[in-house]
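Notes follow the structure.
The values are calculated or read from the model by the stated rules, or taken from the named source; none is laboratory data. Predicted model, so just to flag it, every value in this text is computed and none were measured. Glycine also receives a Cβ, built like all others from the backbone with ideal geometry; neighbour counts cover every protein chain displayed. Accessible surface areas use protein heavy atoms only, side chains included; no ligands, DNA or RNA. Shrake-Rupley method; radii C 1.70, N 1.55, O 1.52, S 1.80 Å.
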Amino acid sequence: MAKPVIELEKVDLSLGSGAARVHILKGVSLTVPAGETVGILGPSGSGKSTLLMVTAGLERSDSGAVTVAGQRLDTLGEDDLARFRGRNVGIIFQSFHLMPTMTALENVAVPLELAGRRDAFDRARAELTAVGLGHRLDHYPAEMSGGEQQRVAIARALAPEPAILIADEPTGNLDFETGNEIVRLMFEARAKRGMTLVLVTHDRALAARCDRTVTMRSGEVVGDVRREADPVSTPAETALAAEH
């Protein structure tokens with residue numbers, strides 16, 4: 001098996017304060033080898049998106065160890081963490097998170113420029129062309145469809161050539177046909193570049209395309225199935241499937 005690129009060990013995280021404090025992740029352990037594709041399933045509130053945010057260094061765990069690309073994230077200050085994330089982790093969100101006052105080209109290039117890449121605009125232009133938006137470089141997000149905006153987000157995530165691509169419900173705001181096209185782009189990019197892909201989805205068919213499906217419920221991992229193994233589902237997974 002390939003060397004792990006993501007290692008979570010007994011990760012706990014609570015959010016909020018006082019009576020509103022909620023225990024989101026409960027002793028979650030997960031190891032992902034380099035180059036693997038992992039689909040994370042679970043009902044709303046199961047902790048799956050929070051798990052991605054912890055992996056990306058966008059949320060800090062209360063306890064446990066989070067190691068990504070050989071780096072313990074809890075040992076990094078905020079500035080170093082941001083630099084590490086910029087080099088190693090590409091993130092695609094459900095709601096695109098594009099800057100509305102920037103063109104497609106600027107949305108992809110500016111993060112590269114801030115990271116010190118001298119070829120930022122050339123790189124951005126190449127990535128946008130690769131996702132079929134070479135003719136939309138100077139358009140603003142409001143001038144683009146949801147599918148086009150998500151293509152810009154994919155180009156932005158891929159431009160730094162990260163080792164890990166993280167996607168949180170990447171097709172959630174898209175129609176079926178457009179969503180399928182976005183999925184195709186993500187999986188093709190992963191295969192071409194040899195990245196690790198971890199995605200959160202409610203779509204069991206999409207998760208089934210991954211090498212491995214991890215099922216979460218109430219902040220815990222209740223199922224972890226590799227596609228080639230084809231095992232019998234656990235009772236927790238069977239109950240979860242009935243909810244969808």
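Annotations for the structure displayed:
- Packing-based order for 164-170, 180-186, 101-107, 11-17, using average beta carbon neighbours within 10 Å, highest first: 164-170, 101-107, 180-186, 11-17
- Gaussian network model of the chain, Cα within-10 Å springs - most flexible of GLY47, GLY179, GLY116: GLY116
- Projected-area average for segment 56-128 over all orientations - Cα convex hull basis, square nanometres: 6.0
- Accessible area of the chain belonging to carbon and sulfur atoms, whole % at 1.4 Å probe: 50
- Å² per residue, accessible surface of the chain at 1.4 Å: 48
- Considering only alpha-carbon pairs that sit under 8 angstrom and 6 or more positions apart, the relative contact order computed for the chain is 26 percent.
- Hypothetical label at ALA115: residues of segment 42-85 whose amide nitrogen lies under 12 Å (7 Å Cα-Cβ projection): 82-85
- Largest-first ordering by accessible area, 1.4 Å probe, given options HIS135, HIS202: HIS135, HIS202
- Difference of contour (0.36 nm per residue) and Cα-Cα distance, ARG227 to SER95: 44.6 nm
- Accessible-area ranking of ARG85, ARG209, largest first, probe 1.4 Å: ARG209, ARG85
- Debye, to nearest 20: dipole size of the chain, +1 on Lys, Arg Cβ, -1 on Asp, Glu Cβ: 400
- For the residues LYS10, LYS3, a 1.4 Å probe over the protein chains yields an accessible-area ranking, largest first, of LYS3, LYS10.
- Charge-dipole axis of the chain as Lys and Arg at +1 and Asp and Glu at -1 on Cβ define it, positive-most pick from HIS97, PRO141, ALA82: ALA82
- 18 Å tail of the calculated P(r), segment 21-168, as % of Cα pairs: 60
- Cα centroids of segment 119-188 and segment 1-46: 26 Å apart.
- Computed from the alpha carbon atoms alone, the convex hull of segment 113-187 holds 102 Å³ per residue.
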